[in-house]
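**Q** Encoded as structure tokens, here's the structure I'll be asking about.
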Amino acid sequence: MNTEENSEALRLSILGMRCAGCISAVEGALAAVDGVASVSVNFADHSAMVVGNADPEVLKQAIKAAGFDAAIMEGLEDPAAQEAQEEQHYRQLMKKAAVAGAFGLWLMAFEHLGWLPDIGSSAGQWLWPIIALVTLGILWYSGSHFYRGAVKSLLLKQANMDTLIALGTGSAWLYSCIVIDNYAVLPPQATHAYFEAAVIILAFINLGTGLETMARGKTSSAIRQLIGLQPRTARVVRNGEEIDIPIEQVGLGETLRVRPGEKIPVDGTLLEGHSLVDESMLTGEALPVEKAVGAQVVAGTMNQSGSFLFTATRIGRDTALAQIIKSVRQAQSSKPDIARLADKISAVFVPAVVAVSALTFLIWYTFGPDPSVGYAFVTSMTVLVIACPCALGLATPISVMVAVGRAAQSGILIRNGDALQTAGKITCLILDKTGTVTEGKPVVTSIEAINDRDENSILQLAASIESGSEHPLAASILAAAEKKQIKLEKMMQFEAIAGFGVSAMYNDQRILFGNQALMDLKKIEITHYNQRLENLSALGQTPMLLAVDNTVVGIIAVADPIKTDSLAAVEQLKGLGIRVIMVTGDNPITAHAIAKQAGITEVNAQVLPQDKAQVVKALQQQGEIVGMVGDGINDAPALAQADVGLAIGTGTDIAIESADVVILQGSLLKVPEVISLSKATVTNIKQNLIGAFFYNTISIPVAAGLLYPLFGVLLNPMIAGAAMAMSSLTVVTNANRLRWMKW
């Protein structure tokens, strides 16, 4: 999402939106407020994401002026409260549907069975006015929200779904009242009252909206699960005592205690203890992760075994969990290009439908059979009711919401709708080497002892001298020694020789440990080992030589091994027809060795970080749609240049901000998952849009009576109401299929 400098993203819950036509009204009202940089309204969850520096209260007032209401959504909302609110709304809609449906069905049944008196009879003259008043009360109880919305839209010179429903049901009631008052002067064929049609239409629409609300609520289950991960209290250590406090009161730098079976309340660093932590809800990784002193822990993950103390490094909205939720919400609120087309159509659709309804009335009134006024009324009302563009407005956002939520549950954060749409079109994928194809953590792969030395003594000397080094490879040597529980010796006169290695004294002996260039610098003979060194380099390993008093006594090889699933991921990507290229700053020998292990045939080596973006740009100029996979920090320029940037990270705010897609788990297998999800989502959106367009394209002419001259078929307004409601439910149900997608 593009934002201006120093701008913030604010999420608003919009109350009163009932159709796609409301989107343009809300967006227009918010965009007109000073300080707003961009606005994105999500009809699927009735929210708006506003980027900029506008006053929240001014935004709320702008929404109210547009005929809606708004509330600021802050922090990690209580999922139980959200569910309760949705449940209450659902029950209200069901109650309204039940009241309208019960009365309408009773009235329709009595009319059909002939149990009601004629309108012009003496009994009918007092009974039908009572029915009219009861119908009016039910219309207000079950449809007042539609009528208020229609009035507000009229005052703003706009039209939306409320306009269509209010015109359809209101005209049915008004026409029926006119029939009662003018029964004697109207032709007998035109003296039918449509009270039952008005209330049953409202029953169907409320039922459909209720079912849609329930189904739509399921699409946000991933967000609710993420919100529910954070505990409401935390156990902090203050003045030597452990006390439980609300999560909002935890401060930075505080020491917290987490016991077995408890959720970690905030982000932090382990101070004391050891444990296994289940991070599956954040990363999708089923296996628990071992945590020791110095390890990072993330809010919302579950402590499984040991008790430990940790210090809080991120709290509140700064935790990785809060950033993940923010990222998912931004993605769910963003609009891919395909959605903007639907929005534009929806904005002009309702006024067009009103015009078609008026034209239908005139045609039937002028050319229709007797009673022409009755036919004109029924057809124009049916057009109004059946044409509500709810399904059209839901078609894209509901699919995006489900897909982004589904991805989040699998440890994939999709930051915007465009990335979700574009990922499935990728033709060329660039992979960084270190930390992407490889583990990013060098390990000792072989130890070769020379001149009657043994491997442990070689490793002991190398680790002892490297204990004073800050070189990245030193950690791998020390880790190997620690694994074998080798005791380190104290070295004297330590010296780090930049670009070569290290030197020190031990028992009056000069110890050298470094690369081939160090041996050449110190005039140490290594000709006998050249072939061995070349073989190790060809395997993608970095050989280091250990010399004692100018004599080589050992060779230790260190390598950054490829991830266990890199080869499988590359094979899957090739199976999808994607060209895979590895771009790295490493030397060509090592780069080609790693690429060979991963099944990659195209390699660009010795490419500086700032030049990777140029590689991406060159491929784009060749017509490729380029995806870039990197660590999210050093590869930031290339990630930004790519059509879709995918960051392999641990969910930190830096990784989240650097790419379009963030893979929390370090597995490359998630990349083909993203591509497959993208293709499935775009297909789902197209199905929804085609279904919605087809529905409106076919239903409006049928409602207008196109089939009547040929087949004598005239659509009943009540059936039209049911069809309109079910079309929205069909779209939501189809989108929810993405929740069960198998990778």
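**Q** Can you confirm whether segment 288-303 contains a residue that is over 30 Å from SER667 (Cβ atoms), surrounded by 16 or more Cβ atoms within 10 Å (Cβ to Cβ) and at pLDDT 90 or above?
**A** Among the residues of segment 288-303, not one is over 30 Å from SER667 (Cβ atoms), surrounded by 16 or more Cβ atoms within 10 Å (Cβ to Cβ) and at pLDDT 90 or above, which makes the answer no.
Residues checked against (1) of a type in the set (Asp, Glu); (2) open to solvent by less than 10 Å² (accessible area, probe 1.4 Å); (3) touching a helix residue (DSSP H, G or I) at 6+ places or on another chain (Cβ under 6 Å); (4) more than 26 Å from ALA613 (Cα to Cα):
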position: ASP508; (1), (2), (3), (4): yes, no, no, yes
position: LYS523; (1), (2), (3), (4): no, no, no, yes
position: ASN530; (1), (2), (3), (4): no, no, no, yes
position: VAL558; (1), (2), (3), (4): no, yes, yes, yes
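**Q** Being crowded, with 18+ Cβ neighbours inside 10 Å, farther than 19 Å from ALA480 by Cβ and of a type in the set (Gly, Ala, Ser) is the requirement here; does ALA569 meet it?
**A** yes
**Q** Here's a follow-up. Take ASP45 and tell me if it is at pLDDT below 85, closer than 30 Å to ALA299 by Cβ and of a type in the set (Asp, Glu).
**A** Judged against the criteria, ASP45 is a match.
**Q** Still on this structure, please answer the following. Of everything in segment 50-94, what is under 19 Å from the mean Cα position of the chain (by Cα), modelled with pLDDT under 85 and either in a helix (DSSP H, G or I) or more than 21 Å from GLN230 (Cβ to Cβ) (or both)? Give them in sequence order.
**A** Answer for segment 50-94, where residues must be under 19 Å from the mean Cα position of the chain (by Cα), modelled with pLDDT under 85 and either in a helix (DSSP H, G or I) or more than 21 Å from GLN230 (Cβ to Cβ) (or both): PRO79, GLN82.
**Q** Right, another one. For SER503, which of the numbered conditions (1) assigned to a helix (DSSP H, G or I); (2) closer than 14 Å to ALA463 by Cα fails to hold?
**A** Checking SER503 against (1) assigned to a helix (DSSP H, G or I); (2) closer than 14 Å to ALA463 by Cα, the one that fails is (1).
**Q** Would you pick out the residues in segment 396-416 that are more than 8 Å from the chain's Cα centre (by Cα) and over 12 Å from VAL674 (Cα atoms)? Give the derivation first.
**A** Keep residues of segment 396-416 that are more than 8 Å from the chain's Cα centre (by Cα), which gives 396-399, 409-412.
THR396, PRO397, ILE398, SER399, GLN409, listed by residue number.
**Q** Can you tell me which of PHE494, PHE500 is within 51 Å of the chain's Cα centre (by Cα), open to solvent by 60 Å² or more (accessible area, probe 1.4 Å) and at pLDDT below 90?
**A** Details: PHE494 fails: within 51 Å of the chain's Cα centre (by Cα).
Of the residues listed, the single one that is within 51 Å of the chain's Cα centre (by Cα), open to solvent by 60 Å² or more (accessible area, probe 1.4 Å) and at pLDDT below 90 is PHE500.
**Q** Just for helices (runs of 4 or more DSSP H) wholly inside segment 540-639: which have at least 1 residues that are of a type in the set (S, T, N, Q) and closer than 30 Å to THR527 by Cα?
**A** Because the criterion is at least 1 residues that are of a type in the set (S, T, N, Q) and closer than 30 Å to THR527 by Cα, the helices (runs of 4 or more DSSP H) in segment 540-639 that meet it are 588-598.
**Q** Applying the selection to segment 428-447, what residues are of a type in the set (Asp, Glu) and at pLDDT below 85? Can you show your working first?
**A** Filtering segment 428-447 for residues of a type in the set (Asp, Glu) gives 432, 439.
GLU439 - this is the single residue of segment 428-447 that is of a type in the set (Asp, Glu) and at pLDDT below 85.
**Q** Has segment 699-712 got at least one residue that is loosely packed, with under 15 Cβ neighbours inside 10 Å, within 19 Å of the chain's Cα centre (by Cα) and assigned to a helix (DSSP H, G or I)?
**A** No - not one qualifying residue is present in segment 699-712.
**Q** Could you say whether any residue in segment 684-698 is within 15 Å of VAL383 (Cβ to Cβ) and loosely packed, with under 15 Cβ neighbours inside 10 Å?
**A** From segment 684-698, those within 15 Å of VAL383 (Cβ to Cβ) are 695-698; that's our starting set.
Checking the rest, the ones that are also loosely packed, with under 15 Cβ neighbours inside 10 Å come to 697-698.
There is at least one residue in segment 684-698 that is within 15 Å of VAL383 (Cβ to Cβ) and loosely packed, with under 15 Cβ neighbours inside 10 Å.
**Q** Same structure, new question: When both residues are 6+ apart or on different chains and their Cβ atoms are under 7 Å apart, which pairs have a first residue that lies in segment 423-451 and is small (Gly, Ala, Ser), and a second that is open to solvent by 40 Å² or more (accessible area, probe 1.4 Å)?
**A** Short answer, once both residue conditions are applied: GLY424/LYS679; GLY435/ASP631; GLY440/THR434; ALA449/GLU455.
Residue-wise test of (1) modelled with pLDDT under 90; (2) not in a helix (DSSP H, G or I).
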{"position": "ILE165", "(1), (2)": "yes, no"}
{"position": "LEU186", "(1), (2)": "yes, yes"}
{"position": "ALA197", "(1), (2)": "yes, no"}
{"position": "PHE204", "(1), (2)": "yes, no"}
{"position": "THR209", "(1), (2)": "yes, no"}
{"position": "VAL236", "(1), (2)": "no, yes"}
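**Q** Which numbered condition trips up SER275, out of (1) more than 15 Å from ALA299 (Cβ to Cβ); (2) open to solvent by 40 Å² or more (accessible area, probe 1.4 Å); (3) at pLDDT below 90?
**A** SER275 satisfies all of (1) more than 15 Å from ALA299 (Cβ to Cβ); (2) open to solvent by 40 Å² or more (accessible area, probe 1.4 Å); (3) at pLDDT below 90 except (2).
**Q** Mind checking whether some residue in segment 510-520 is farther than 15 Å from VAL553 by Cβ, without any contact (Cβ under 8 Å) to a residue 12 or more places away in the chain and assigned to a helix (DSSP H, G or I)?
**A** Yes: one or more hits.
**Q** Being among the polar types (S, T, N, Q), farther than 15 Å from LEU413 by Cβ and at pLDDT 80 or above is the filter here, so list the residues in segment 622-673 that pass it.
**A** GLN622, GLN641 - these are the residues of segment 622-673 that are among the polar types (S, T, N, Q), farther than 15 Å from LEU413 by Cβ and at pLDDT 80 or above.
**Q** Are there any pairs, at least 6 apart or on different chains, whose C-beta atoms fall under 8 Å, with the first in segment 144-160 and under 19 Å from SER357 (Cα atoms) and the second buried (at least 16 other Cβ atoms within 10 Å of the Cβ) and of a type in the set (Ser, Thr, Tyr), and if so, which?
**A** Cβ pairs passing all conditions: PHE146/THR169; ALA150/THR163; SER153/THR163; LEU154/THR163; ALA159/SER153; ASN160/SER153.
The values are calculated or read from the model by the stated rules, or taken from the named source; none is laboratory data. All of these numbers come straight from a predicted model, not from anything done at the bench. Neighbour counts are summed over all protein chains in view; Cβ atoms, including those assigned to glycine, are modelled from backbone coordinates with ideal geometry. For the accessible areas, the whole protein counts, side chains as well, though only heavy atoms, and no ligand, DNA or RNA atoms are used. Shrake-Rupley method; radii C 1.70, N 1.55, O 1.52, S 1.80 Å.
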